[in-house]
Every structure is written in C-alpha cells, then in structure tokens.
1. How much of the calculated P(r) for the stretch 1-55 lies past 12 Å, in percent of all Cα pairs?
2. Taking the Cα centroid of the stretch 222-258 and of the stretch 161-218, what is the distance between the two, rounded to the nearest whole Å?
3. Please tell me which of these pairs span more than 23 angstrom C-alpha to C-alpha: K61/K408; K142/K367; K61/K332; K296/K328?
4. Among the listed pairs K33/K359; K94/K434; K94/K425, give every one whose C-alpha distance is greater than 21 Å.
5. Mind checking the angle between helix 168-177 and the chain's longest principal axis? C-alpha axes, 0 to 90 degrees, to the nearest 10.
6. With +1 on each Lys and Arg Cβ and -1 on each Asp and Glu Cβ, how big is the dipole of the stretch 222-346 about its Cα centre, in debye rounded to the nearest 20?
7. Of T110, N300, L205, which is farthest on the positive side of the dipole of the stretch 67-353, counting Cα position, with +1 on Lys and Arg Cβ, -1 on Asp and Glu Cβ, and the Cα centre as origin?
8. If you put +1 on each Lys and Arg Cβ and -1 on each Asp and Glu Cβ, how big is the dipole of the stretch 1-141 around its Cα centre, in Debye rounded to 20?
Amino acid sequence: MQTLNVDTLFTNAIIITMDADHRIINNGMLAVKDASIVWIGTTDAQDIQFTCMQTLDLTGKVIIPGLINTHGHWAMTLFRGLVDDLRLEAWLEKIWQVEAAAINPQTVVTGSEFAVIEMLKAGTTCAADMYWQYFESFDAVKASGFRMVNGPSFADIPGFEHRRDVNYKAAVEFLDHYANDPLIHLCIQAHSTYMTNIQMLEDILRISNDKQIGFITHAAESEGELAQVQQKHGKRPIQVLDDMDLLGEKTLLAHCVHLTDEEIERLAETGTSVSHCVSSNLKLSSGIARIADMVKAGVNVSLGTDGPASNNDLDLLHEAQIAALVQKGITKDPTVLPAEQMFEMLTINGARAVGLSDKIGSLEVGKLADLAVLDFDAVNLTPYYDLYSHLIYAASSADFCHTMVHGKMMMQDRQILTLDEEKIKAEVRSIADKVRQI
Ligand SMILES: [Zn+2]
C-alpha cells in the first residue's frame, strides 16, 4: 500500500472536477500538498493511506474548482451604490470625477483587499483586475494569498493627465518587478480603444510579445463607444484591435456586447477570449452580448462581474444565473447554454481566458489547489438531482463554506483567515465618509 504525506485532506465530499470528462466523484477524497492537488479518488480507496496536517470531513458538501472572475475593477468596492441608474458615458464621467479625488495607493489597497474578501466568500479564487496599478496594492493582494491576474493598464482619461504613470518604461519596470510570482499572473492592459491612442496600442503589442503575457481590454461595450471609436480611429473596436495584431489566444476582451457576425467569426478564428459581464451591461443599458452565438461559433466565453460600482457585487454564481436566463429569454430557446456549459464559463473557460488552463480551472492531479466548498445541506439546495443545475439556478454565495487558493485555506467555515475583515470594513466606511464629501 502506498503512503502519501500531504498537507490537507478533504474526505467524504462530492467532487465536481471539470476535467476533460467532467467527472463527478461521489464519496470523494482530495489531497493537497504544498500548492498542488496530489491525489483525487474516493474516500474508501484501499490502495493508499495518508499522513496529513489537517483533515476536513466534507459530508454533505461539494468541492468545485475555484471560480474565476475574468473582469473587474476591484477597488471600486469603495464606490458601490454611489452612482446608479445612468448611461455608461454619464456614469463614467461621474466615476472619474470621484476617482480623481479619492484614489491613491492606500485607498486602492483597502478597496482591493475588501474585494478579495467578497470574492473569497463567493467561491472565487482567481480574478482579473484592471485599475490603478500601485506596488502597494499588488503587494497587499499578494500578502492576502489570493490569485490575481493584473498588469499595467494604459488609458488616456480626461482629467488624469497629471498621473500618467503608465507608459512603456513604467509598464516594463512594473512587470519586471513582479515577474515569475506564483500568485500574480501578469498581463498588459488597455482601458479601451477609445481611451488609448495608436502609440499606446503599439507599446502594448510590443510588451505582450516581449514578455509573452496576455492582453486585456474593454471592447464593444456600448453603442456610444462604437461612435467614439469610429470618430477616433475611423473603424469599429474589433477592427482596430485586429489591425494592430492585438487579437489572438493571449487576448481577453471584456463585454463584446455589440459584435457583428463577422466579428464573432474573427474572435473564434483568432482564439480571442471574451469576458461576459451581463449585470453591468444590463444595469448600464449597454445591451446584451450574443454569447450563445459566440459559444456556437467557437469563441471561449468566460464570466466577469465588472466593477462593484456597476454591478453591484462580485458574486459570480449570481452572474452565471443572470447570464443563462437572459440568453434563454432573448433567444426564446430554453435549451441554449445549459447549466453545465455555464459552469464551464465560471471555471475552465475562465482559466483559458487568463492563460492559466494548465494550472487552474479544474480539479486534477498536478494542478494548483484552487477550490471552493459549498454546503449542499442548505435548504435552497435540498434535494438535488443535478449538481450543475443547483450551482447555476439555486445556489448563492452564502452557500460557500471554505475556499482554498494555492493550497492554502483562505476561508474556513466562512471566516476569512488571511485578511482582517472587520478592520478592512472599518477602513472602507471611513473612506466612504470622505467620498460623500466629494
Ligand atoms: Zn470594466
């Protein structure tokens, strides 16, 4: 009999693996050593025994791959509920005014840490962020143990000329500083094609190629954006990116609400991924992305919450539920995007979108131990016939009891272990008092 020395052993669980065969293991057992999953099987396995630091009996509970949020602006937790019920352009104008007055390294640290807490409580273990990049906020997130996809973000925003801290040189320095970090997965970003000029896009392409890192930007979010991009570049956003050689497997586009059939084809052809942010798109009346058509065409579609000022939460299960219902409504076809397919978007598709499908997105031996545990003893999840159905249509963020990132318990019995929730909440309230004065 083989003996394995591991750090954490989860027993008696239902395991939703999201591996290539979408295996579901009843009475499952999963072992974690250091940052990785080292063994998966059933709790009654006869040919192996474990010595371990801690064992968690997960009777009545379900282990899933940690959810992956492929688009957001984390520190906007500070502005949740501040500006609602406006069109995107008017909304942005107000938000930029508040940000100009309230954003600094310390507020971004607090807002980002608060976002990490909210995401961990909602089963999310990896997320992409696009906001002001400060060493302080990167260091704080790294210290929390959360997995972040982030990098310098180019933007030419009116009123922010004095703080043009992103340029080619600064971006490269920033990227070199965090190279090869196990928890910070670097990318290069542009706010959008209407907020960047050709020089910036050229710099981005060069950096992406030199560093072999992904590229993330907002694209085709609203009709107003299409008009602005037409005026600035004389073409549509997808065409601008295509002409700059910025579509491809390393590219992730947030929103893609307004795409032609040809543009959808082009995204599929180039292997470009999409982050669908349905709540934000609905709330800002930007429109509804044709993700059922995108999936049919072969585009890798993942899900994002967008920032908490336009959603207004960081709850990916909620996002998946709305996305599924909206597509069924607009296509008048309840068979489109069944629950299992939606769950792919939350996990393995998300991993693919941020270039990490060899490391996360499914529970397999050799992959990193990023996972979340839901209590299926909850009233709203009893009884169950189909696990995916409950995850998409019935579960809520409150059903998560544990979250693990990189082999480390981040939340246990809903207690956040690596950040001081009450202290950070108090800091957020204090910043909000100042925001009210702006
Ligand atoms: Zn966004």
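1. Roughly 63 percent, rounded to a whole number.
2. Each part's Cα centre sits 17 Å from the other's.
3. Numbers: K61/K408 19 Å; K142/K367 20 Å; K61/K332 35 Å; K296/K328 14 Å.
As for pairs spanning more than 23 Å Cα to Cα, those are K61/K332.
4. Numbers: K33/K359 15 Å; K94/K434 16 Å; K94/K425 24 Å.
Over 21 Å Cα-Cα: K94/K425.
5. So the inclination is approximately 20 degrees.
6. 280 debye
7. Ranked along the dipole, the leading option is T110.
8. Here the stretch 1-141 has a charge dipole of around 220 debye.
The values are calculated or read from the model by the stated rules, or taken from the named source; none is laboratory data. Fair warning: this is a prediction, and the values are worked out from it, not measured in the lab. Heads up, the Cβs are rebuilt from the backbone with ideal geometry, glycines too, and the neighbour counts pull from every protein chain shown. These accessible areas exclude ligands, DNA and RNA; they are computed on the full protein's heavy atoms, side chains included. Shrake-Rupley method; radii C 1.70, N 1.55, O 1.52, S 1.80 Å.
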